[in-house]
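Before we start, here is the structure in question, set down as structure tokens.
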Amino acid sequence: MWRKRIFKGLRFRLALSYVIFFALLLTAFGFVLRGMLRNVVEGTVQGLLEEEWAACKGFLHITPAGKIAWKYDPNDKEEAAIVERLRLVYMIANDKGEVLESSELYRELGFDSPAIITQVMSDTKPSYTFQPNLRGQIFMVRQGILREKDARYFVALGRNFTPSLHVVNEFSLDYFSAVPIIILTAAGLGWLLAGRALQPVADVAAEVEKLSGSNLNLRVSPRGAGDELDHMIETFNGMVSRLEKSFQEIRQFSTDVSHELRTPITVVRGQLEVALMTAKTDEELRCAIESALLDIERLSQIIRALLQLAKAEGGQTALQMMDVDLVSLVSEVVSDLQIPALDRQVKLRALLPRQAIISGDRIQIERLLYNLIDNGIKYTREGGFVEVEIEVLESTGKILIEIRDNGRGIAPEHLPHLFDRLYRVPSRESGTEKGLGLGLSFVSWIVKAHNGEIQVRSELDKGTVFTVTFPIKAAEVKSVAEYGNQRETAGRYSNS
Ligand code: ADP
């Protein structure tokens, strides 16, 4: 298990990449060095052969009849040694390719064919070749032309190249046998370096491990280096902050839901217990059951709405996108809500352009309008008004829907929570209006799902304005139609 972790770990992979890179570099460097060394020794031997060639021209004489004579002072030891050295590996041929004289060692290399001889003789530059003998030694041979009076001769001088090759091979052997040791040392060093480089990551991981759902207020402290890791820590801290907020919201939501469900359940239970103990007639029992049923209906309404909202926010509610003319839709909703408005003696009217088309889900947009206008009616006192206005802002490519009322307004401290699930502003009045605190959560989801925006302005006891903005699809503003309290139709949605 731990072995698997080591091999999969970043430290191992970093060290391994370092070692592979280093090994490749060392090998390439070794071959380059070997090549350079071989060039140097080749150059040296070539230089020696050039010197011998120059000496040869002084000592070697060939008569027109092809007779060869080495002219030197036999008493001069140095000269004798030079000539002896020259005659160790050599061959002389005429321009027809016929060998005139050759040394024993040269014969071991094999004679040059007449074709090679004539080719060398046709070239002005000398040629250098490597030739092996039968004992596996390699000789470097210089072949060139020697002019004697009018005649031209082919002369080849050779030198044993094997000792020089040995130097190159020995260097290669020493170098390449040192490579594994260097690589092993580099591997150890790479392991240590990778460990040091990754230590801050391990420290951060240790800090992150301390985090759990119950202490999301903890943050990983940045190291102050301003490097990539600090950037990662900042990003991580940002993510934890968002998580903490979501956790808090979920906690708050669970508390609110339990609270919201507990009250009607306790009431139902109380009603039924009292009825069981005290009801004497069937009529009394029936009354108690009916009242309990009403509360149970409210409970299932809340549960249904919560499930619907959870589905919508979880992306499980598919929107049926189409062109929606807000003008006709607002007219319909306003007509439908005239009855509740009349009941509460609230004047409801709409100020509409000729056309305002957005791309959206008609049913959801209708639900949004219904919720906002219904709230306006619900939270406005007798004699008040609710106004819906659509404005087409062609310059910004937006459509604005404003729902204004002169009702009881909302205190500033409640505004930030208005769109939270189950959030209701505590009523200062008798509290007759019924609601689940979910209508604005639906509105907020619908606006978001249509890439829109929603804003609310409110002043206590003066009124509230909700402004919804949608991207425009196509609009034509020609005239403004005004709808008053004339049509009377039943409402379509409740707030759930
Ligand atoms: P509810 O079902 O309680 O109306 P909403 O989510 O629709 O739930 O609204 C949340 C709260 O916001 C309401 O309880 C109400 O106090 C407040 N509110 C919404 N619209 C208005 C408005 N037009 N005027 C005053 N208060 C409002």
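Just need the relative contact order of region 223-310 here, percent rounded to a whole number, with Cα pairs under 8 Å and 6+ apart. Mind dumping the intermediate values first?
Working: 25 pairs, mean separation 20.9, N = 88.
Dividing the mean separation by the residue count of region 223-310 yields 24 percent.
Sticking with this one: When N is the residue count of region 2-165, what does its C-alpha Rg come to as a fraction of 2.2 N^0.38 Å?
Numbers: Rg = 24.8 Å, N = 164, 2.2 N^0.38 = 15.3 Å.
With N residues counted in region 2-165, Rg over 2.2 N^0.38 Å equals 1.62.
Relative contact order (percent) for region 321-483, with alpha-carbon contacts under 8 angstrom and 6 or more residues of separation?
Numbers: 334 pairs, mean separation 47.9, N = 163.
Relative contact order here is 29 percent.
Full-extension gain between ARG223 and ARG13, please, as 0.36 nm times their residue separation minus the C-alpha to C-alpha distance.
On the way: separation 210, 0.36 × 210 = 75.60 nm, distance 2.47 nm.
Once the chain is fully extended between ARG223 and ARG13, it gains 73.1 nm.
Within region 291-446, what percent of beta bridges assigned by DSSP are antiparallel, to the nearest 5?
Working: 13 of 18 bridges.
Around 70 percent antiparallel, to the nearest 5.
Sticking with this one: Checking the cross-link filter: which aspartates and glutamates have an alpha carbon closer than 14 Å to that of LYS473, excluding same-chain neighbours under 8 positions apart?
Cross-link targets: ASP323, ASP325, ASP361, GLU391, GLU394.
For the chain, what's the relative contact order in percent, using C-alpha pairs closer than 8 Å and at least 6 residues apart? Can you show the working numbers first?
On the way: 687 pairs, mean separation 55.4, N = 496.
For the chain, the relative contact order is 11 percent.
Can you pull the percent of region 321-483's accessible area that's carbon plus sulfur, 1.4 Å probe, other chains left in place? List each step's numbers first, then the result.
Working: 3560 of 7330 Å².
Whole-percent figure for carbon plus sulfur exposure: 49.
Given ILE233, ILE289, ALA279, which one lies farthest toward the positive end of the charge dipole of region 227-295, if we put +1 on the Cβ of every Lys and Arg and -1 on the Cβ of every Asp and Glu?
So the residue furthest toward the plus end is ALA279.
Excluding residues on the same chain fewer than 8 positions from LYS77, give the aspartates and glutamates whose Cα lies under 17 Å from its Cα.
Leaving aside aspartates and glutamates fewer than 8 places away in the same chain, those within reach of LYS77 are GLU52.
In addition: Heavy atoms only, 1.4 Å probe, whole protein assembly: order HIS166, HIS414, HIS61, HIS450 by accessible area, highest first.
Details: HIS166 105, HIS414 35, HIS61 55, HIS450 10 Å².
Final ranking, largest accessible area leading: HIS166, HIS61, HIS414, HIS450.
How much area per residue is accessible in the chain when the probe is 1.4 Å and only protein heavy atoms are counted (Å²)?
Ligands and nucleic acids excluded, the result is 59 Å² per residue.
Another one. Which entries of LYS311/LYS448; LYS67/LYS96; LYS347/LYS462; LYS398/LYS462; LYS67/LYS125 have Cα-Cα distances beyond 18 Å here?
Values: LYS311/LYS448 15 Å; LYS67/LYS96 15 Å; LYS347/LYS462 16 Å; LYS398/LYS462 28 Å; LYS67/LYS125 25 Å.
Violating the 18 Å limit, Cα to Cα: LYS398/LYS462; LYS67/LYS125.
Need one word for the chain: rounded, prolate or oblate. Basis is the Cα gyration tensor (sqrt eigenvalues a ≥ b ≥ c); a/c below 1.5 gives rounded, then a/b vs b/c decides.
On the way: a/c = 5.91, a/b = 3.44, b/c = 1.72.
Note, shape of the chain comes out prolate.
In addition: As a test of the formula, what do you get for the chain when each DSSP H run with n ≥ 4 contributes -39,500 (n - 2.57) and the sum is divided by the residue count, at 222 nm and rounded to the nearest 500 deg cm²/dmol?
Details: 12 runs with 258 residues, N = 496.
-18000 deg cm²/dmol, from helical runs alone.
Let me ask another. Assuming R0 = 35 Å, can you tell me the calculated FRET efficiency for the pair ALA151 and THR44, based on Cβ-Cβ distance, to the nearest 0.05? List each step's numbers first, then the result.
Details: r = 33 Å, r/R0 = 0.93.
Efficiency at R0 = 35 Å is approximately 0.60.
Could you state the angle between the C-alpha long axis of helix 282-313 and the longest principal axis of the C-alpha atoms of the chain, as a value from 0 to 90 degrees rounded to the nearest 10?
30
Out of ILE472, MET322, LEU436, whose Cα points farthest toward the positive end of the dipole of region 321-483 (charges: +1 Lys, Arg; -1 Asp, Glu; placed on Cβ)?
LEU436
Now, a different point. Using the charge dipole of the chain (Lys, Arg: +1 at Cβ; Asp, Glu: -1 at Cβ; taken about the Cα centre), state which of ALA178, ALA23, GLY66 has its Cα farthest towards the positive end.
GLY66
Could you tell me the center-to-center distance, by alpha carbons, between region 306-335 and region 15-91 in angstrom?
95
Would you list the P(r) distribution for region 228-313, with all Cα-Cα distances sorted into 5 Å bins from 0 and each bin expressed as a whole %?
3, 12, 13, 14, 11, 10, 9, 7, 6, 4, 3, 3, 2, 1, 1, 0
Using R₀ = 56 Å, calculate the FRET efficiency as 1/(1 + (r/R₀)^6) where r is the Cβ-Cβ separation of ASN237 and GLU394; round to 0.05. Mind dumping the intermediate values first?
On the way: r = 43 Å, r/R0 = 0.77.
Efficiency at R0 = 56 Å is approximately 0.80.
Determine the order of VAL456, VAL45 by accessible area, beginning with the largest, at a probe radius of 1.4 Å. Each step should come with its number before you reach the end.
Values: VAL456 35, VAL45 10 Å².
Accessible-area ranking of VAL456, VAL45, largest first: VAL456, VAL45.
The values are calculated or read from the model by the stated rules, or taken from the named source; none is laboratory data. Source: prediction; values computed, not measured. Every residue, glycine among them, receives a Cβ derived from its backbone with ideal geometry; neighbour counts consider all protein chains shown. These accessible areas exclude ligands, DNA and RNA; they are computed on the full protein's heavy atoms, side chains included. Shrake-Rupley method; radii C 1.70, N 1.55, O 1.52, S 1.80 Å.
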